[in-house]
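A.B. asks: Here it is: the structure, laid out below.
Every number in this text was worked out from the coordinates using simple rules, so none of it is lab data. Here the structure is a predicted model, which means the values were calculated and not measured. FYI the Cβ positions are ideal-geometry reconstructions off the backbone, even for glycines, and counts take in every protein chain you see.
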Amino acid sequence: MRINSFIMQTYQQPTKQGYYGRFGGAYIPEMLHPNVEELQLRYREIMQEPDFQQEFQQLLRDYVGRPTPLYFAKRLSQAFSTNIYLKREDLCHTGAHKINNTIGQILLAERLGKKRIIAETGAGQHGVATATVCALKGMECIVYMGEKDIERQAPNVARMRMLGAKVVPAVSGSKTLKDATNEAIRDWINNPVDTHYIIGSVVGPHPYPDMVARFQSIISEEIKWQLKEKTGSELPSHVIACVGGGSNAAGAFFHFLDELSVQLVAVEAAGHGVNSGMSAATTALGKSGVLHGSKSLVMQTADGQVVEPHSISAGLDYPGIGPLHANLFDSGRGKFLAVTDEDALRAAFDVARLEGIIPALETAHAFSALHQLSLSNKEQVVICLSGRGDKDLATYMKQMEMTGI
Amino acid sequence: MSRINALFQRKSTRVLNVYCTAGYPALTSTLPVMEALQENGADLIELGMPYSDPLADGPVIQQSSSIALANGMTIETLFHQLENFRERISVPVLLMGYMNPVLQFGFERFCAEAARVGVDGLILPDLPEYEFETEYGAIIKKYGLDFIFLVTPETAKERVLRLDSLSSGFLYAVSSSSTTGSAKQLPAVEAYLERLQSYKLTNPVLVGFGIKDKESFDAAAAHANGAIIGTAYIRALEGSTDIAATTRDFLNGVL
């Protein structure tokens, strides 16, 4: 019955209806149709306009600080007897890759004539990145954040407020990221004309997964030429990235998706362990379902109720995964690994001491995956260092107290 | 002829559809609520299947869903409760819910069970037109179920006509671009309903979202075949100790 399967597909390009294999689409109530259709019809065209491209590239360079370095991590490489390059998204303005996407979407929103911006946030990184670009463009900004996350992430809440955003607590359901996303979608339903919803990951109804992946694809675009400068080849053997919804991974994988010699390694949060009941390893635990407007893998009960995941890292604490990634998993194109809270913490300290870089807890999962791969000194491994660890200092301090470091 | 079509043949004005959440306020309330609704003048019953992430619903209905889930309601349990319900309920009954739980149950198995117990149609707001046409619509039709699409004031004419042609039973006109339970001014909706009337649709039109009392029901019914009440009834049931009396008082206040 699937019409989609007859249309030529790549791992990179979804079908016209937004399908990556059997995942994707736009499972939205009719109330959202005009907004989503407007985006579907116009995002590609607007993104290709010279004026858009010029402003986007200029802001990425002068405001975000791109290109971010590709850094050969010598001591880390020695430790794993291989060649490891770190794509330094942690050096972006606001401290993570999230701003690549929010810059792109604010320019898009501006061209669509929108006056009001809404966003969801978990740990607050996407909220901060959205509040930042709204300040930059003088637009009204409302960020939905789970009531529990507001308590857990006070510094980012303060940042958003200082940047002029209104932070609205999501008090429904489990009061975390998935509920913040529900509230943002409800806001969009109730404000159909003047509002643009900046989704922070490669999730949501078509065209969001593709649009966000394209805005983040600057990561792999730069990796290609930077790696060529350093090694003579633009293709690494591995690209490793952590995956919650999957935006940094989508950006780091993008230009390698259809380069089959490149091993794509997506690292999910195992929490207390994949089978502990306290995990966020969606590909291991999820089943095909519909969440936040697209068909993908979703962690859920036998009755189809979405469950609350667990990860020490708020950015990976999401019960779904973008449809692009679900397809990488389903097709075997991507290798999916899971890393526990404990192993991620250990990796964060290792990287800090070997390389003088304190990574975000999310990114620490990607580093820990090195232990699960058998690598050789002939290989060139790129790790997407998606964010810096300042926001996680409280967790790291607690760890130091507990372990007596 | 489907039970819904028969209803609209018999009655084409002031048709009242009332929404209730299965398993709310108590797990065993489903049937008593339906009986009370039928007894007190509801022409159709829209039975909500609770879901953890009901995007199109406002806080009141979401809260009722959370309570129903905490009470232990599942689709499996609901079909057990609906076993033989046709011995007691004669009005048309629609199941309303979201795609994810239905997909988990198995879409075809769901339609088969719904048809077997005597359900007449489905409202699945996050089942889009493309997927309906390419995959799910045929299964729904195979089991003789009606499927009701939603239209809003923002839906363009061509799209309204298209969704009307895909719908059977009736067309659900959302009175404003909002989640359920949002209070918008009904007079502003009249022009929209008159516009819908001018399209000469093949299906009857019921108006939902923001209908809460006699005044809003009368106003909606003046420009459509009837209306749908949800949030206001759920609110009335909250804390009720006598479902029959609460439902009687509530519907007496509307009709």
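A.B. asks: As an exercise, identify the trypsin sites (Lys or Arg not before Pro) in region A:89-137 lying in DSSP coil whose Cβ has no more than 15 other Cβ atoms within 10 Å. Show your work: numbers first, answer last.
C.D. replies: Values: sites: A:98, A:111, A:114, A:115, A:116, A:137; in loops: A:114, A:115.
Passing both the DSSP loop test and the Cβ count: A:115.
A.B. asks: Which cross-chain or sequence-distant (5 or more) residues have an amide H under 5 Å from the amide H of residue A:85, H modelled 1.01 Å from N in plane?
C.D. replies: It is A:73, A:381, A:382, A:383, by chain and number.
A.B. asks: Tell me, A:242, B:20, A:384 in order of fewest to most beta-carbon neighbours within 10 Å? Show your work: numbers first, answer last.
C.D. replies: On the way: A:242 36, B:20 29, A:384 26.
Ascending Cβ contact count within 10 Å gives the list A:384, B:20, A:242.
A.B. asks: Beyond 24 Å, what share of the Cα-Cα pairs of region A:141-288 remains, rounded to the nearest whole percent?
C.D. replies: In whole percent, the long-distance tail amounts to 47.
A.B. asks: Using packing as a proxy for protection, rank B:85-96, A:363-374, B:130-141, A:201-212 so that the peptide with the highest average count of other Cβ atoms within 10 Å comes first.
C.D. replies: Ranked from most to least packed, the peptides come out as A:201-212, A:363-374, B:85-96, B:130-141.
A.B. asks: Next question. Over region A:257-348, what relative contact order in percent results from Cα pairs under 8 Å that are six or more residues apart?
C.D. replies: 35 percent
A.B. asks: Next up: Hey, what did region B:3-252 get for relative contact order, percent, Cα under 8 Å, at least 6 apart?
C.D. replies: Rounded, it is 24 percent for region B:3-252.
A.B. asks: Which value, in debye to the nearest 20, gives the size of the charge dipole of region B:1-87 about its Cα centre, when Lys and Arg are +1 and Asp and Glu are -1 at the Cβ? Can you show the working numbers first?
C.D. replies: Numbers: 5 positive and 9 negative charges, 78 e Å.
Dipole magnitude for region B:1-87 comes out near 380 debye.
A.B. asks: With the crude spin-label approximation of a point 7 Å out along Cα→Cβ, what separation in nm comes out for residue A:49 versus residue A:276?
C.D. replies: The modelled label-to-label distance comes out at 4.9 nm.
A.B. asks: Next up: From the phi of every residue in region A:295-308, what ³J(HN,Hα) in whole Hz does the Karplus formula 6.51 cos²θ - 1.76 cosθ + 1.60 yield, where θ is phi - 60° and glycine or proline is x?
C.D. replies: With coefficients 6.51, -1.76 and 1.60, one gets 8, 7, 8, 9, 7, 7, 7, 4, 8, x, 8, 6, 9, 8 Hz.
A.B. asks: What's the average, rounded to a whole number, of partner chain beta-carbon atoms within 10 Å of each residue's beta-carbon in B:117-128?
C.D. replies: On the way: counts 0, 0, 0, 0, 0, 0, 0, 2, 6, 10, 4, 12.
Counting other chains' Cβ atoms within 10 Å and averaging over B:117-128 gives 3.
A.B. asks: Let me ask something else. Please turn the phi angles of region A:23-28 into ³J(HN,Hα) values with the Karplus equation 6.51 cos²θ - 1.76 cosθ + 1.60 (θ = phi - 60°), one per residue in order, whole Hz, x for glycine and proline.
C.D. replies: My calculation for region A:23-28 gives 10, x, x, 9, 8, 10 Hz in order.
A.B. asks: Among B:105, B:36, B:89, whose Cα sits farthest toward the positive end of the charge dipole of region B:17-120 (+1 at Cβ of Lys/Arg, -1 at Cβ of Asp/Glu, about the Cα centre)?
C.D. replies: It is B:105, whose Cα lies furthest towards the positive end.
A.B. asks: Kindly rank A:353-362, A:229-238 from highest to lowest mean number of other beta carbons found within 10 Å of each residue.
C.D. replies: Working: A:353-362: 20.7, A:229-238: 15.3.
So the order, starting with the most tightly packed, is A:353-362, A:229-238.
A.B. asks: Give the average, rounded to an integer, of partner chain Cβ atoms located within 10 angstrom of each Cβ in A:185-193.
C.D. replies: Numbers: counts 4, 10, 1, 2, 9, 7, 2, 6, 2.
Taking the mean over all residues of the peptide, I get 5.
A.B. asks: Here's something else I'd like to know. Name the residue from A:171, A:69, A:233 whose Cα lies farthest towards the positive end of the charge dipole of the protein assembly as shown, charges +1 on Cβ of Lys and Arg and -1 on Cβ of Asp and Glu.
C.D. replies: Of the options given, the answer is A:233.
A.B. asks: Treating the beta-carbon of each Lys and Arg as +1 and of each Asp and Glu as -1, no other charges, what is the dipole magnitude of region B:3-252 about its Cα centre, to the nearest 20 debye? Before the final figure, lay out the partial values.
C.D. replies: Working: 20 positive and 29 negative charges, 112 e Å.
For this selection, approximately 540 debye.
A.B. asks: Counting other C-beta atoms within 10 Å, which of B:117, A:267 has the fewest, and how do the rest follow?
C.D. replies: Numbers: B:117 18, A:267 29.
The order, fewest Cβ neighbours first, is B:117, A:267.
A.B. asks: Let me ask something additional. Under the classification rounded if a/c is under 1.5, otherwise prolate if a/b is larger than b/c and oblate if not, where does region A:314-405 fall, given a ≥ b ≥ c as square roots of the Cα gyration tensor eigenvalues? Provide the component values of the computation, followed by the final result.
C.D. replies: On the way: a/c = 2.22, a/b = 1.43, b/c = 1.55.
Taking the square roots of the gyration eigenvalues as a ≥ b ≥ c, region A:314-405 is oblate.
A.B. asks: Continuing with the same structure: Quick one: 3J(HN,Hα) in Hz for region B:156-172, Karplus 6.51/-1.76/1.60 with θ = phi - 60°, rounded, Gly and Pro as x.
C.D. replies: 5, 3, 4, 6, 4, 4, 5, 5, 5, 5, 7, 7, 9, x, 7, 10, 9
A.B. asks: Taking amide hydrogens as modeled 1.01 Å from N in the peptide plane, which residues meet the under 5 Å criterion relative to residue A:360, leaving out close sequence neighbours?
C.D. replies: A:387, A:388, A:389
A.B. asks: At 7 Å along Cα-to-Cβ for each site, give me the label-to-label distance between residue B:11 and residue B:129 in nm.
C.D. replies: 3.1 nm
A.B. asks: Hey, another quick one. Quick one: which residues, 5 or more positions from residue B:48 or on another chain, have an amide H under 5 Å from its amide H? H modelled 1.01 Å from N in the peptide plane, none for Pro or chain starts.
C.D. replies: Excluding prolines and chain starts, which carry no amide H, the hits are B:20, B:21, B:22, B:96.
A.B. asks: May I have the pair-distance distribution P(r) for chain A, computed from all Cα-Cα distances with 10 Å bins from 0 and rounded to whole percent?
C.D. replies: 5, 25, 36, 26, 8, 1
A.B. asks: Placing unit charges on C-beta atoms (Lys and Arg positive, Asp and Glu negative, everything else neutral), compute the dipole magnitude of the protein assembly as shown about its Cα centre in debye, rounded to 20. All intermediate terms of the calculation are to be shown ahead of the outcome.
C.D. replies: Numbers: 59 positive and 71 negative charges, 173 e Å.
My answer is approximately 840 debye.
A.B. asks: Further question: Determine the calculated [θ] at 222 nm for chain A from helices alone, applying -39500 (n - 2.57) to every DSSP H run no shorter than 4 residues and normalising by the residue count; nearest 500 deg cm²/dmol.
C.D. replies: -12000 deg cm²/dmol
A.B. asks: For chain A, what's the relative contact order in percent, using C-alpha pairs closer than 8 Å and at least 6 residues apart? Intermediate values should be presented prior to the final figure.
C.D. replies: On the way: 866 pairs, mean separation 78.2, N = 405.
Computed over chain A, the figure is 19 percent.
A.B. asks: Would you mind giving the three semi-axes, in whole Å and largest first, of the ellipsoid equivalent to region B:3-252 according to its Cα gyration tensor? Working shown, then result.
C.D. replies: Values: eigenvalues 123, 98, 58 Å².
Output for region B:3-252: semi-axes of 25, 22, 17 Å.
A.B. asks: In addition: Rank these for me by crowding, B:79, A:254, going from fewest to most other beta carbons within 10 Å. Could you put the intermediate results ahead of the total?
C.D. replies: Working: B:79 18, A:254 23.
If I rank by nearby Cβ atoms, fewest first, I get B:79, A:254.
A.B. asks: Taking a ≥ b ≥ c as the square roots of the Cα gyration tensor eigenvalues, with a/c under 1.5 meaning rounded and otherwise prolate when a/b beats b/c, else oblate, which class fits region A:90-210? Display every interim value, and only then the final one.
C.D. replies: Numbers: a/c = 1.41, a/b = 1.11, b/c = 1.27.
It is rounded, given that a/c, with a ≥ b ≥ c, falls under 1.5.
A.B. asks: Could you tell me whether region B:20-149 comes out rounded, prolate or oblate from its Cα gyration tensor? Rule is a ≥ b ≥ c as square roots of the eigenvalues, rounded for a/c under 1.5, then prolate if a/b exceeds b/c, otherwise oblate. All intermediate terms of the calculation are to be shown ahead of the outcome.
C.D. replies: Values: a/c = 1.63, a/b = 1.21, b/c = 1.35.
Judged from the Cα gyration tensor, region B:20-149 comes out oblate (a/c at least 1.5, b/c at or above a/b).
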